Amino acid sequence: MYASREDIGYDFGDDSKVASKPIKPNPNIDGGWAWMIVLSSFLVHILIMGSQMALGILNMEWLEEFNQSRGLTAWVSSLSMGITLIVGPFIGLFISMCGCRTTAIIGGILNALGWTLSAYASNVHYLFLTFGVTAGIGSGMVYLPAVVMVGQYFQKRRALAQGLSTTGTGFGAFLMTALLKYLCTEFGWRNAMFIQGAISLNLCVCGALMRPLSPKDLREKYVVRNDSEENRAKALSHSTETIKSNGVLGEEPEKKEEAANEEVLGSVQHTEIGGKSGSGRSMYGLRLFKTVSQLTVTVRKGFALWYSSYFGAASLFTNRVFVAFIIWALFAYSSFVIPFIHLPEIVKQYNLSRQDNVFPLTSIIAIVHIFGKVILGIISDLPCISTWNVFLMANFTLVTCILTLPLMQTYIGLAVVCALIGFSSGYFSLMPVVTEDLVGTKHLANAYGIIICANGISALFGPPFAGWIYDITQKYDFSFYIAGLLYMVGIIFLLIQPCIQKKQSREKSTEEAQV
């Protein structure tokens, strides 16, 4: 297996000349303010992902209030969870233009607005728009920056940092479930959503903590990391020419674009200086023109980077291993969500409600999930361990548990399988790390946006599909079997594509050596 981009055969913009210079790393990389970024991301996961895991409380209130079918009402929660992830690629455009901090603050306001407007819902369709779409988009605008910022601030302990920050999902599931139960009991579901909207404004505070690194600091982190990966690549005897032949995201177009932008702004500044002798109205017009020009340059530059990442000659989709990663993501997330949705009904069918009320199986998944993220992150950061291998082993364990769960008909058996599901699903904390290894820090926002978009599609259609299978067969067994088999297809793609890539790289190396 492989552990870095060089092993795969991709080099996104490495510069050996710069890497040869001794560089003093920023103290905020892997320390200092980096831990405040982890705290901010941790709180974001509590407020967003934790709240979504607790939507079952509100779902029961909506069923009672609007007297609609369970399938129609469930789409409110599915829309919110799915849209949060599906909008990832478009949030990458906002990050490219405005930065993570501004994007997260705007998202926090939008999320709070969605919760607040939902308190005045008159029907389920109203909730589709206010809670499913508005709050979902706001959640996505905060969630992606929270993940990207952790990746930017950490180099050596990325997996541990991502693991610590994403444990907020488990803690949030407990905290938000208890909070929403209390609020609905004491004040009613409408006032509960209004209060939750006020609490969600704390997402703006989390966004304000996302202090951006300077371009110089990002280059230093990128160069230092590339230097260490280059040493590993040499140890594995990969030729530089072969790596470059597999696809490089060039820097020349970006440099030309920056030069053109600086020329435009320079001409505006020159005009402003030359017009100081003019009237005050003319000066105001020049300043306004300068501001608009700067905004236009920022938007053009951000859109150019976003567009080139997805559709240009240097598109992320030219990376075949990354494409295989997307196919895996289309099937993976539903295998984690489906047990949360359907386990209560399975427990009821097996007459295990008394034991489940004492210690719910979904709570076992959530608790062990917290430890799984941290432990897998620590293991992945060990110098002798490949993050990719840990990621694959966790996936194999999870798919085995999904296929095994329908065979368990006792509470103890279900509890053991649920514990394994919780621990192995801790690989979610490794997803940003694996993505960064595939495409590099510079393209992490756009690439991870695509991955969580695929996860969102999986979360949006997975549970309804499982319910549809139950309506046909009157059993949940086939829902888990089909989900597990589709999940296995995604894992096979992850295994096959890197092997093909390595074989092609070796063949090219042999041909060039013969020439």
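Results, tabulated for the structure shown:
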{"quantity": "Modelled FRET efficiency - R0 51 Å, THR318 with LEU175, Cβ distances, 0.05 increments", "calculated": "0.75"}
{"quantity": "Solvent exposure ordering (accessible area, 1.4 Å, most first) of SER214, SER363, SER479", "calculated": "SER214, SER363, SER479"}
{"quantity": "Distance between the stretch 45-92 and the stretch 115-181 - C-alpha centres, whole angstrom", "calculated": "11 Å"}
{"quantity": "Summed side-chain charge close to PHE187 - residues other than PHE187 whose Cβ falls under 14 Å, Lys, Arg +1, Asp, Glu -1", "calculated": "0"}
{"quantity": "Within the accessible area of the stretch 352-498 (1.4 Å probe), percent carbon and sulfur", "calculated": "76 percent"}
{"quantity": "Rounded to whole Å, sorted largest first: equivalent-ellipsoid semi-axes of the stretch 313-510, Cα gyration tensor", "calculated": "33, 19, 14"}
{"quantity": "FRET efficiency for PHE396 and SER69, using Cβ-Cβ distance with R0 set to 35 Å, rounded to 0.05", "calculated": "0.40"}
{"quantity": "Share of carbon and sulfur in the accessible heavy-atom surface of the stretch 27-213 [1.4 Å probe, %]", "calculated": "68 percent"}
{"quantity": "Accessible-area ranking of VAL368, VAL142, largest first, probe 1.4 Å", "calculated": "VAL368, VAL142"}
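The values are calculated or read from the model by the stated rules, or taken from the named source; none is laboratory data. Here the structure is a predicted model, which means the values were calculated and not measured. FYI the Cβ positions are ideal-geometry reconstructions off the backbone, even for glycines, and counts take in every protein chain you see. The accessibility values were calculated without ligands, DNA or RNA, using every heavy atom of the protein model including side chains. Shrake-Rupley method; radii C 1.70, N 1.55, O 1.52, S 1.80 Å.
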